[in-house]
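Taking it in order: structure first as structure tokens, then the write-up.
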Amino acid sequence: FLEGFGSLMQDVLWCFSQVKGTIDIGVTEADIISTVEFNHTGELLATGDKGGRVVIFQREQESKNQPHRRGEYNVYSTFQSHEPEFDYLKSLEIEEKINKIRWLPQQNAAYFLLSTNDKTVKLWKVSERDKRPEGYNLKDEDGRLRDPSMITMLRVPVLRPMDLMVEATPRRVFANAHTYHINSISVNSDYETYMSADDLRINLWNFEITNQSFNIVDIKPANMEELTEVITAAEFHPHHCNTFVYSSSKGTIRLCDMRTAALCDRHAKFFEEPEDPSNRSFFSEIISSISDVKFSHSGRYIMTRDYLTVKVWDLNMENRPIETYQVHDYLRSKLCSLYENDCIFDKFECVWNGSDSVIMTGSYNNFFRMFDRNTKRDVTLEASRENSKPRAILKPRKVCVGGKRRKDEISVDSLDFSKKILHTAWHPSENIIAVAATNNLYIFQDKVN
């Protein structure tokens, strides 16, 4: 695939699971992973789940005795980010599920990240503490206040070493700004602002101001019966703080420039691929809905994921994508049954590697796909507990459509649609990927000889 990733097609990856050495017995809904995100250095990896919890993994430091352990990630911190709530005005339950996590660049010893459920965004500070103060004048060693009349001498408090403790504290809570469910958050390149997007509106926030936001996109019609599309994802440009894109359920992408107007209802660029009339069907509108949009690290390209394909768009060409990759085209004949079991509404994410030369996205049966943009080769890999022994090598998988199948192939009729890879992440500079499969987190890296 690229420098250092050439062996991916044959014998790439080793992996380990978030729940090593255990067997799933009655997985609860709350344990299902709902988002995965590396921080800017790749040393930390955060996951959010449907139970409102955030689990942060830290990369193992390399040692002379065990150099191969360098790629392993171990639990660093776990905290409850969101709790279930109830909107009494609308008689509506608000789930605690974490929809998205976004890291801020590290400025000091502490780490900061944004997490959001359907309605509320929170800014968390994650910091380490390995010393504690002792020798207070007004408190005893247990923290109780002492009788001032009994204090006869002045003491200078001192710091004593203690076991390392990782603390997660909420620094800001951004609430009461969204009528509909938040589907995206994105940190601006100025690192002073971020945006949150729901089905019909996108709001711009300043990190220091929690009680108000600025509405930059509003596509809500005066009459809701005239509603024809909703916002599905949004992201800021990685380098230009004035530019962002958002995708819609109609399969279109709009690029907006905040310098043009305060309210970006008029887009600067509009990306749409004309539909082939011969492929028109009852499901065309559903499968054309874009579930994820991502800028390349260079800022030159946009990647979008719809139900069957991943597309790469050049910012300078709006009429069609420059690349289209079929993720699971063999499901085209299964759309009717996928509609009946609601799988056709699954929202798959997509991700770039650090050099923008390889893209990755998920599929069913715990399969995930990788596409090399340079060689046009692709591979299907499986994240399963059967092959998740540490340093196990993954073998490429193939799906057979016809009646005859080879020994190493799996029939399309045998695919398990309850096992799906919706959330993936790629290390910003190395060939390490994280894949969420239901309640398991798999971390893979390219084979080290």
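Just so you know, in region 30-64 the residues that are surrounded by fewer than 23 Cβ atoms within 10 Å (Cβ to Cβ) and of a type in the set (Gly, Ala, Ser) include one that is farthest from residue 99 (Cα to Cα), and it is 63. Summed over region 220-231, the residues that are open to solvent by less than 50 Å² (accessible area, probe 1.4 Å) and in contact (Cβ under 8 Å) with a residue 12 or more places away in the chain give a count of 3.
This table checks each residue for (1) among the hydrophobic types (A, V, I, L, M, F, W, C); (2) open to solvent by less than 20 Å² (accessible area, probe 1.4 Å); (3) over 27 Å from residue 345 (Cα atoms); (4) touching a helix residue (DSSP H, G or I) at 6+ places or on another chain (Cβ under 6 Å).
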| site | (1), (2), (3), (4) |
| --- | --- |
| 245 | yes, yes, no, no |
| 257 | no, no, yes, no |
| 263 | yes, no, yes, no |
| 287 | yes, no, no, no |
| 292 | no, yes, no, no |
| 295 | yes, yes, no, no |
| 299 | no, yes, yes, no |
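Can you work out which of the residues in region 260-310 that are among the hydroxyl-bearing types (Ser, Thr, Tyr) and free of Cβ contacts under 8 Å to residues at least 24 places away in the same chain is farthest from residue 36 (Cα to Cα)? Break it down into steps so the answer makes sense when it comes.
Residues of region 260-310 among the hydroxyl-bearing types (Ser, Thr, Tyr): 260, 278, 281, 284, 288-289, 291, 296, 298, 301, 304, 307, 309.
This time we only want the ones that are free of Cβ contacts under 8 Å to residues at least 24 places away in the same chain, so: 260, 278, 284, 309.
Details: 260: 34, 278: 38, 284: 29, 309: 21 Å.
That would be 278.
Highlighted here are the strands (runs of 3 or more DSSP E) found entirely within region 98-217 that include at least 3 residues which are aliphatic (A, V, I, L, M) and touching an Asp or Glu at 6+ places or on another chain (Cβ under 7 Å): 158-174. Could you look through region 305-321, keep only residues that are touching a Phe, Trp or Tyr at 6+ places or on another chain (Cβ under 8 Å) and of a type in the set (A, V, I, L, M, F, W, C), and pick out the one that is farthest from residue 295 (Cα to Cα)? Checking each candidate, the answer is 310.
Might you check whether a residue that is acidic (Asp, Glu), within 26 Å of residue 98 (Cβ to Cβ) and outside any loop (DSSP other than H, G, I, E, B) occurs anywhere in region 228-246? Scanning region 228-246, I find at least one residue that is acidic (Asp, Glu), within 26 Å of residue 98 (Cβ to Cβ) and outside any loop (DSSP other than H, G, I, E, B), so the answer is yes.
Restricting the search to region 411-431, which residues are of a type outside the set (S, T, N, Q) and over 12 Å from residue 360 (Cβ atoms)?
Here is the first cut: in region 411-431, the ones of a type outside the set (S, T, N, Q) are 412-413, 415-417, 419-423, 425-428, 430.
Result: 412, 413, 415, 416, 417, 419, 420, 422, 428, 430.
Each residue in region 298-330 was checked for being among the hydrophobic types (A, V, I, L, M, F, W, C), touching an Asp or Glu at 6+ places or on another chain (Cβ under 6 Å) and outside any loop (DSSP other than H, G, I, E, B), and 1 of them qualify.
Taking the condition touching a Cys at 6+ places or on another chain (Cβ under 9 Å), in contact (Cβ under 8 Å) with a residue 12 or more places away in the chain and open to solvent by less than 100 Å² (accessible area, probe 1.4 Å), does residue 188 pass? Step through it out loud before you land on a result.
On the way: touching a Cys at 6+ places or on another chain (Cβ under 9 Å): yes; in contact (Cβ under 8 Å) with a residue 12 or more places away in the chain: yes; open to solvent by less than 100 Å² (accessible area, probe 1.4 Å): yes.
Judged against the criteria, residue 188 is a match.
Filtered by the rule that a residue be under 15 Å from residue 252 (Cβ atoms) and at pLDDT below 90, region 267-277 gives 274, 275. For first residues located in region 232-259 and acidic (Asp, Glu), partners that are open to solvent by 30 Å² or more (accessible area, probe 1.4 Å) and lie 6+ apart or on another chain with Cβ distances below 7 Å form the pairs 235/294; 257/268.
Scanning region 269-285 for residues that are open to solvent by less than 60 Å² (accessible area, probe 1.4 Å) and assigned to a loop (DSSP other than H, G, I, E, B) yields 281, 283. For region 134-174, a residue qualifies if it is open to solvent by less than 70 Å² (accessible area, probe 1.4 Å) and touching a Leu at 6+ places or on another chain (Cβ under 6 Å), and exactly one does: 172.
Checked against the criterion of being at pLDDT below 85, polar (S, T, N, Q) and either touching a Ser or Thr at 6+ places or on another chain (Cβ under 8 Å) or open to solvent by less than 50 Å² (accessible area, probe 1.4 Å) (or both), the candidates 17, 77, 91 yield just one match: 17. Selection of first residues in region 75-86 that are free of Cβ contacts under 8 Å to residues at least 12 places away in the same chain and of second residues that are surrounded by 12 or more Cβ atoms within 10 Å (Cβ to Cβ), restricted to Cβ pairs under 7 Å at least 6 apart or on distinct chains, gives the following pairs, ordered by first then second residue: 86/94.
The values are calculated or read from the model by the stated rules, or taken from the named source; none is laboratory data. This is a predicted model, so every value here is computed, not measured. Don't worry about glycine lacking a Cβ; one is built from the backbone with ideal geometry, like all the others, and counts go over all protein chains shown. All accessible areas refer to the heavy atoms of the entire protein, side chains included, with ligands and DNA or RNA removed. Shrake-Rupley method; radii C 1.70, N 1.55, O 1.52, S 1.80 Å.
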